[in-house]
């Protein structure tokens, strides 16, 4: 909503520096998005007389114009417009003038001819463009006079306000003026124009209005007007509309817009002669009813749209949203039915949205217009229209009444106001803050009974709504600041949040870069990754390629690898921690949403991923975990394992299936680790029980076994651990050998075992016995052979 | 006697000369045996002391001792000298040009959004808050209904939200803010509540330099006895000073959100006097408290929220949000 300072001043004596006023508006919640000083940059523009016009010898699109700028000395100007004739008065920007748009007027040559200034179009001097070409001034202006003085242009200030959804009143000049006047402590007055109507011509006989559905229309007021000449608006009115961003059309449309901007009440005009039966019926439309609207479109309605119908029950307008073409004002119109109504906000919002017609009028109706301003707005309409055309008005309103809501009466407790705002106001001080914005109060004991004004009835109906108004007008900035402190909790991250951080930072320290691919996938991305295509889908995606919610981090990370590979960075070690969405049980209220860790090492083989897993396990302090050879979907069939912790599968490690990688244009091997953090972090972990460091010497023993390929190293380690018991304090697989020196189908696994007792030095006999026990366990239990 | 003294002097000079010529530990060992060993001239001279008179024993004995000490010291000094030369030679063979080497393992990089997220969490944790989280796909009730969005509210029905095919049409969506976590927290915990809810949220925004359909925000919720708008203003001011620095301050401007009343925008005032619009806030609406199972007559509270990603953007001077989502290692490795 744009407002002009001069217009606000018609309601209240508002004074002050424009930027200070902008701060005051913002402090009221009317956020100022821009302040523009109008008419301030017109120095140097004078009224000049056109003396002669001549063709430019070398150009068709410009002509030469001789003007008298007031000193009688003709000046030649090159001009691109042709709408002026000798004798016309025009605005003339003299040499050295800086135009409002910043352009400096200098003497220059255009295709060989000198131009000594510029003739101005209306828009170039900040006025409404009513005709194309140069602005032709009234003939009685004095040649040489200052343009601003001659035009009566005063400097003005335009504020561009961002009006929030709870402030229907601020969608009008009057409403903004009321709020600002209250804040500044100056009086606000709503003018009530007096307009003559034709006492001998009662409106009642001219037309009838029936509200068929009162839940659609709370009030419908009509006036009958005659003898209207449709033509241009007065310049001042057109200028104001232009300043507020509306294009002047003709006097009738312009007055309608002007009254809407000034008082917040939209209106509509029907060509009464074309309204069948001179009768208006307001009702809900029927599904499939159609109407041709003013914009030339054929609109189809539903039972939830409001319709304005004629005496034959044909739809002639969409309530509150757009009028119909059949009753539009035209050159042959002699009688007008002027309508102002109060519509059910929800129905207007619905229809405007469904039809994509978010007009200024619809916006005001859907926020909640003021049913009590209709009378003033009617009189203002006629008063303004009579500035451009004599218009006769029939005596009396034609009124249809529906179910108009009543503004609430709210009990406002003084204690509650102070408790919510953190202030210490007396009951009567609260009433004083509320009165100037139309909220009248009556003291009831310590508290107030507050009557909400009609222009706030849609958004204000409860105590807290009124408290907000008290707060606004007390001033948020004046409220003393306090800092509450929790007394029963320490500020802290949860265990899971701390683990997640530890993990992230450990992975970064280990050389992995955190990536964040978009969580949306394209249809087909999951299948291409070898994963089940069943997923949660976005029903209104921006683009089809972002319509599937990921069930795994793998596709997104593979896309990241492919992107970097295509930019000559094929070796990337990265990780992501993020949510995946599993459609596990469609009868559940929400998808199974889990936090996953995905680690990809491009150009590396599976062992590199197990190394990262060991870092993860160590950082999180996991208990006993095992790798079970198995390939989850999307992973390398012979180079992957599931990670099992406490009997639960919590992830998988290995490599990406080469076919999957290749499907994502990743041509290198990709070591891959995926961990279900939601499952993992719910299991007991991070308990690091102290084990006394032995002060006695240890003995190291190296053992190498030739083990069949189908026996996992994990089984050997496990057998060694069991056999070594408490004396085995460290076990490390330090070499794996395959080749000529071992039997085909097997490999050599070399372990270093460290034996140590907590309470004594182990004897050679003890070490020897435990060593033999270990060897026996692996040979006997797993069919391995001890390597010499 | 003079003869013996001359002999000691000759032996001393000779010994010192030999020590001085020893170039290696081996040569020095040989020389040491030669000049100080049992068969050495000096030791022989000492053995012969018994044949001298008392005066001769005293003066020659003294000369012998002096010579032996001097030669012994010379041997020790020579050993140190040889050691030093030897070490220098050995070190020379170990010389490395460290500029020849590049690290085999480079550190990784935390995503700038994560860094900003953690900094914000840390400040609020320091102010006594805990951190709450919730799902990114939410029911319509948690995202809108419980938050006092009226049935026909534009945000609810419009295309601003991304809806998913879960349950009835219009039942489930990608959360448009982290406020559902506030409701979940209220339902799960008795007041007092002091939490912040950082998280990923979704809107139907076409990606450009300043918009993404996915972004991160952090919201705060305080519910306690006697919480007022003044507590909100003070808490935000305290946050602003802790996060941006003591020279920054804040203000509240009245605004409108369905889930708070009174509602406000909060702005940060930079030391140069300019203002930065940071986010929205307000007193939790009584209807929202009720939806969270909290009696608005007993408890009151405030909530606030703002975007996280913008901090990463301005902190590093990045001019396009899309960079953060590109996965481009040339971008990510700068942080």
| task | Taking the options B:280, B:273, name whichever one is part of a strand (DSSP E or B) and more than 10 Å from chain A (Cβ to nearest Cβ). | result | B:280
| field | Any chance residue B:120 is in contact with a helix residue (DSSP H, G or I) (Cβ under 8 Å, 6 or more places away or on another chain), part of a loop (DSSP other than H, G, I, E, B) and within 30 Å of residue B:241 (Cα to Cα) | value | no
| field | Breaking point among (1) under 24 Å from residue A:596 (Cβ atoms); (2) in a helix (DSSP H, G or I); (3) within 9 Å of chain A (Cβ to nearest Cβ), for residue B:115 | value | (3)
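So that you can scan it fast, the table gives a plain yes or no per residue for (1) on the phi > 0 side of the Ramachandran plot; (2) out of contact with any strand residue (DSSP E or B) (no Cβ under 6 Å at 6 or more places or on another chain); (3) at pLDDT 95 or above:
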{"position": "A:356", "(1), (2), (3)": "yes, yes, no"}
{"position": "A:367", "(1), (2), (3)": "no, yes, no"}
{"position": "A:378", "(1), (2), (3)": "no, no, yes"}
{"position": "A:389", "(1), (2), (3)": "no, yes, no"}
{"position": "A:407", "(1), (2), (3)": "no, yes, yes"}
{"position": "A:412", "(1), (2), (3)": "no, no, yes"}
| Has the stretch A:130-138 got any residue that is surrounded by fewer than 23 Cβ atoms within 10 Å (Cβ to Cβ), modelled with pLDDT of 85 or more and within 35 Å of the chain's Cα centre (by Cα)? | no
| note | Across the stretch B:231-270, the tally of residues that are within 13 Å of chain A (Cβ to nearest Cβ) and part of a helix (DSSP H, G or I) stands at 12
| said: Can you tell me which residue is nearest to residue A:611 (Cα to Cα) among those in the stretch A:475-500 that are in a helix (DSSP H, G or I) and facing another protein chain (nearest Cβ under 7 Å)? | reply: A:497
| remark: Conditions (1) assigned to a strand (DSSP E or B); (2) closer than 27 Å to residue A:519 by Cβ; (3) in contact with a helix residue (DSSP H, G or I) (Cβ under 8 Å, 6 or more places away or on another chain); (4) within 11 Å of another protein chain (Cβ to nearest Cβ) -> residue B:197 fails only (4)
| request: Specify which of the listed residues (B:7, B:15, B:20, B:11) is within 60 Å of the chain's Cα centre (by Cα) and either within 17 Å of residue B:73 (Cβ to Cβ) or in a helix (DSSP H, G or I) (or both). | output: B:20
| message | Looking only at residues that are within 7 Å of chain B (Cβ to nearest Cβ) and free of Cβ contacts under 8 Å to residues at least 24 places away in the same chain in the stretch A:502-520, which one is nearest to residue A:664 (Cα to Cα)? | response | A:508
| task | Tell me, please, whether a residue that is outside any helix (DSSP H, G or I) and within 12 Å of chain B (Cβ to nearest Cβ) can be found in the stretch A:446-456. | result | no
| query | When the residues of the stretch B:200-219 are filtered to those that are free of Cβ contacts under 8 Å to residues at least 60 places away in the same chain and facing chain A (nearest Cβ under 9 Å), which remaining residue is nearest to the chain's Cα centre (by Cα)? | reply | B:213
| remark: By residue number, the members of the stretch A:577-599 that are away from chain B (no Cβ under 11 Å) and touching a helix residue (DSSP H, G or I) at 6+ places or on another chain (Cβ under 9 Å) are A:596, A:597, A:598
| field | Subset of the stretch A:521-552 (residues that are more than 21 Å from residue A:588 (Cβ to Cβ), in a loop (DSSP other than H, G, I, E, B), more than 12 Å from chain B (Cβ to nearest Cβ) and out of contact with any helix residue (DSSP H, G or I) (no Cβ under 6 Å at 6 or more places or on another chain)) | value | A:523, A:524
| said: Just to be sure before I move on: is residue A:730 in contact (Cβ under 8 Å) with a residue 24 or more places away in the chain, under 60 Å from the mean Cα position of the chain (by Cα) and assigned by TED's automatic domain parsing to the domain that holds residue A:715 in the structure I sent? | reply: yes
| Of the residues that sit in the stretch B:290-303 and are within 14 Å of another protein chain (Cβ to nearest Cβ) and surrounded by 23 or more Cβ atoms within 10 Å (Cβ to Cβ), which one is farthest from the chain's Cα centre (by Cα)? | B:300
| request: Hey, could you check the stretch A:152-175 for residues that are more than 14 Å from every other protein chain (Cβ to nearest Cβ) and in contact with a strand residue (DSSP E or B) (Cβ under 8 Å, 6 or more places away or on another chain) and say which is farthest from residue A:127 (Cα to Cα)? | output: A:173
| query | Across the stretch A:658-680, what is the number of residues that are over 30 Å from residue A:567 (Cα atoms) and modelled with pLDDT under 95? | reply | 0
| said: Just to be sure I understand, how many residues within the stretch A:139-166 are outside any loop (DSSP other than H, G, I, E, B) and under 35 Å from the mean Cα position of the chain (by Cα)? | reply: 7
| request: Restricting attention to strands (runs of 3 or more DSSP E) lying wholly within the stretch A:581-694, give those where 3 or more residues are without any contact (Cβ under 8 Å) to a residue 60 or more places away in the chain, in contact with a strand residue (DSSP E or B) (Cβ under 8 Å, 6 or more places away or on another chain) and within 30 Å of residue A:729 (Cα to Cα). | output: A:635-645, A:648-656
| message | I'm trying to understand the selection: among the residues of the stretch B:317-328, which are more than 10 Å from chain A (Cβ to nearest Cβ) and either touching a helix residue (DSSP H, G or I) at 6+ places or on another chain (Cβ under 6 Å) or outside any helix (DSSP H, G or I) (or both)? | response | B:317, B:318, B:319, B:320, B:323
| query | Can you pull out the residues in the stretch B:123-157 that are more than 9 Å from chain A (Cβ to nearest Cβ) and under 21 Å from the mean Cα position of the chain (by Cα)? | reply | B:123
| field | Any hit, the stretch A:436-443, residues being in contact (Cβ under 8 Å) with a residue 12 or more places away in the chain, more than 8 Å from chain B (Cβ to nearest Cβ), surrounded by fewer than 21 Cβ atoms within 10 Å (Cβ to Cβ) and in a helix (DSSP H, G or I) | value | yes
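Yes or no, residue by residue, for (1) in the same structural domain as residue B:179 (by TED's automatic domain parsing); (2) surrounded by 17 or more Cβ atoms within 10 Å (Cβ to Cβ):
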| residue | (1), (2) |
| --- | --- |
| B:90 | no, no |
| B:105 | no, no |
| B:124 | yes, yes |
| B:132 | yes, yes |
| B:141 | yes, no |
| B:146 | yes, yes |
| B:156 | yes, yes |
| said: Residue under question is residue B:191, and the condition is that it be within 11 Å of chain A (Cβ to nearest Cβ), modelled with pLDDT of 95 or more and assigned to a helix (DSSP H, G or I); does it hold? | reply: no
| said: Conditions first: (1) buried (at least 21 other Cβ atoms within 10 Å of the Cβ); (2) in contact with a strand residue (DSSP E or B) (Cβ under 8 Å, 6 or more places away or on another chain). Residue A:493 passes all but one, so which condition is the exception? | reply: (1)
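The values are calculated or read from the model by the stated rules, or taken from the named source; none is laboratory data. The model shown is predicted, which means the values in this text are computed figures rather than measured ones. Because the Cβ atoms are built from the backbone with ideal geometry, glycine has one as well, and the counts that use them run over all protein chains shown.
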